[in-house]
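Q: Can you read through this structure? Questions will come right after.
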Amino acid sequence: MRRCCRIAVLSPLLLLVACSAAVPRLNRMRPLPGNFTCRVAVLPFMDRGAYPRGAELFCKVFSAELVSAAAFQVVQEGDVLDLYRQLTIFPSREPSLEQLRIIGSRLGVQLFIGGEILKMVERRSGRDIVTELTVVLHIYDGKTGRLLWETYYKRRGKDYRTVLHFGRINTITGLAQRMSQAIINLWLEQGMNQCAK
């Protein structure tokens, strides 16, 4: 009887711990600027992983999800890359604070979104396809270039599996899409929802 009671008490705790990894972790360094008009630019992401063109893939998926959230005016990728060329910034390098200020003023954006791909995996393992993605996204002030928020998120395709293997994500693009949606939803819940008003 005591053993059953212990299991009944521990089960909710284990469930809480197991589910806690399913949510992106948000760190706020500074508050978002007041009265911003939600014009944002997505900067090229840095690639620390080994997946071929992984940062470019995630950047395109994330930008598409940002546009479909219909809460932001997203600057065209070509406009951002043109400024990178003019300022001789390699897409694989992070812009300096001064370069961010110049880009912000020329594009008229209130916020920048940048990021790093720490790990990206899509490989076959027996009969299954293993997918895993770890990202860190940064939100910068468009006027000052200072870091405002940082979001860390790590997921595997099998984390979405429900009963009888349904829901499992077997492509890195599908995993990137689900993770992007979760990050954007978290940002909206935490204060970026003034864009949607």
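The values are calculated or read from the model by the stated rules, or taken from the named source; none is laboratory data. Small disclaimer: the values here were computed from a predicted structure and weren't measured. With ideal geometry, Cβ positions are generated from the backbone for all residues, glycine too; neighbour counts draw on all protein chains shown.
Q: Which of (1) at pLDDT below 85; (2) in a helix (DSSP H, G or I); (3) within 22 Å of residue 71 (Cα to Cα) does residue 16 not meet, given it meets every other one?
A: (3)
Q: Right, next: So, in the stretch 122-144, how many residues would count as being over 16 Å from the mean Cα position of the chain (by Cα) and either of a type in the set (Val, Ile, Thr) or not in a strand (DSSP E or B) (or both)?
A: Keep residues of the stretch 122-144 that are over 16 Å from the mean Cα position of the chain (by Cα), which gives 122-131, 141-144.
Next, only the ones that are either of a type in the set (Val, Ile, Thr) or not in a strand (DSSP E or B) (or both) stay: 126-127, 129-131, 142-144.
Qualifying residue count, the stretch 122-144: 8.
Q: Which pairs do you get when a residue that is under 17 Å from residue 174 (Cβ atoms), found in the stretch 46-60, comes within reach of a residue that is of a type in the set (Phe, Trp, Tyr), reach meaning Cβ atoms under 7 angstrom, with the pair 6+ apart or on two chains?
A: 58/45; 59/45
Q: Here is a further query. Which count do you get for residues in the stretch 36-63 that are over 24 Å from residue 191 (Cβ atoms) and part of a loop (DSSP other than H, G, I, E, B)? Don't jump to the end; show me each part of the working.
A: At the first step, the residues of the stretch 36-63 found to be over 24 Å from residue 191 (Cβ atoms) are 44, 46-57, 60.
Going one step further and asking which of them are part of a loop (DSSP other than H, G, I, E, B), we end up with 44, 48-53.
Qualifying residue count for the region: 7.
Q: Follow-up question, since we're still on this one. Please find, within the stretch 22-37, the residue that is modelled with the lowest pLDDT out of those that are surrounded by fewer than 13 Cβ atoms within 10 Å (Cβ to Cβ) and hydrophobic (A, V, I, L, M, F, W, C).
A: Among those residues, the one meeting the criterion is 22.
Q: Give me the residue from the stretch 64-78 that is in a loop (DSSP other than H, G, I, E, B) and in contact (Cβ under 8 Å) with a residue 40 or more places away in the chain and, out of that set, surrounded by the fewest Cβ atoms within 10 Å (Cβ to Cβ).
A: Of everything passing the filter in the stretch 64-78, 70 is surrounded by the fewest Cβ atoms within 10 Å (Cβ to Cβ).
Q: Is it true that some residue in the stretch 96-114 is under 17 Å from residue 181 (Cα atoms) and surrounded by 19 or more Cβ atoms within 10 Å (Cβ to Cβ)?
A: Yes, because at least one residue in the stretch 96-114 is under 17 Å from residue 181 (Cα atoms) and surrounded by 19 or more Cβ atoms within 10 Å (Cβ to Cβ).
Q: Among the residues of the stretch 148-166, is any closer than 20 Å to residue 65 by Cα, at pLDDT 95 or above and either touching a Phe, Trp or Tyr at 6+ places or on another chain (Cβ under 8 Å) or in a helix (DSSP H, G or I) (or both)?
A: There is at least one residue in the stretch 148-166 that is closer than 20 Å to residue 65 by Cα, at pLDDT 95 or above and either touching a Phe, Trp or Tyr at 6+ places or on another chain (Cβ under 8 Å) or in a helix (DSSP H, G or I) (or both).
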